[in-house]
Each structure stands twice: as C-alpha cells, then as structure tokens.
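Remarks on the structure that follows.
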Amino acid sequence: MAALWQQWLSFFDHLNLRMSSPTLSPSATRERDTATDVLSAGVSPSSTAYRRIARALFLAGFSTFSLLYCVQPLLPAFTREFGIGAAASSLSLSFSLSLSSRP
C-alpha cells in the first residue's frame with residue numbers, strides 16, 4: 001500500500017500539484033485497504049464523478065452512433081431522387097462508415 005501511495009505522490013509531483021498531506025496515518029491506510037470499490041484512477045463507482053464520467057461516455061457513444069447512421073433515413077430519398085437502386089444508395093452509408101473507421 002505504501003508503494004502505491006508513493007506512486008501517487010510522484011505522479012502529483014510530476015504535475016507540480018501538492019496534496020494536503022504527504023503521509024498517511026495508520027487509520028487512513030486501513031480505510032484505504034478496506035475500500036475495494038475504488039478504481040485505480042481513484043474514482044469510486046458510487047461517487048458523483050463516476051456517474052458524470054459514465055454519462056459522458058454514454059453520450060459520446062450515442063452521438064457517434066447517431067452521426068454515423070443519420071444518412072440511413074435518407075436512403076429512400078436518394079433512390080427516388082437520383083433514380084438509382086437500393087444497393088447504390090446504400091453506398092452513401094458505407095462511405096460514411098469507411099471514413100469513420102480510418103485512423
């Protein structure tokens with residue numbers, strides 16, 4: 001546990017941030033050892049920060065999905081307007097997906 005605390009201190013020293021207490025009391029060490037629901041980044045799954053992170057990740061995924069597939073409702077209009085088949089009109093969706101998967 002002490003090695004983990006030293007890693008955190010060196011990380012914050014690297015960022016030029018100062019923590020309020022450079023040493024842990026024995027009772028604080030016991031409390032940290034028993035807290036099994038704390039992630040390695042220091043965010044507890046029951047905290048408000050965790051819920052905000054989860055909500056942000058959900059919204060990022062949802063917006064990416066909706067932006068990629070926003071062309072799909074337009075496929076019948078492309079077929080009617082340009083006089084092409086369904087396979088040819090679906091190339092617009094394939095094109096947008098292929099652009100999004102490039103690094």
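Every number here is computed from the coordinates shown, using simple stated rules; none is lab data. Keep in mind that this is a model prediction, so the values were computed, not measured. Positions of Cβ are generated from backbone atoms using ideal geometry, with glycine treated the same way; all protein chains shown enter the neighbour counts.
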Most packed first (mean Cβ within 10 Å per residue), the peptides 89-95, 60-66 order as 89-95, 60-66
In Å and on Cα atoms, what radius of gyration and Dmax does segment 48-91 show?
16.9, 53
Report the full-extension gain for the segment ARG52 to THR79: residue separation times 0.36 nm, less the Cα-Cα distance, to one decimal in nm.
5.5 nm
7 Å from Cα along Cα→Cβ at both SER90 and LEU68: what's the point-to-point distance in nm?
1.6 nm
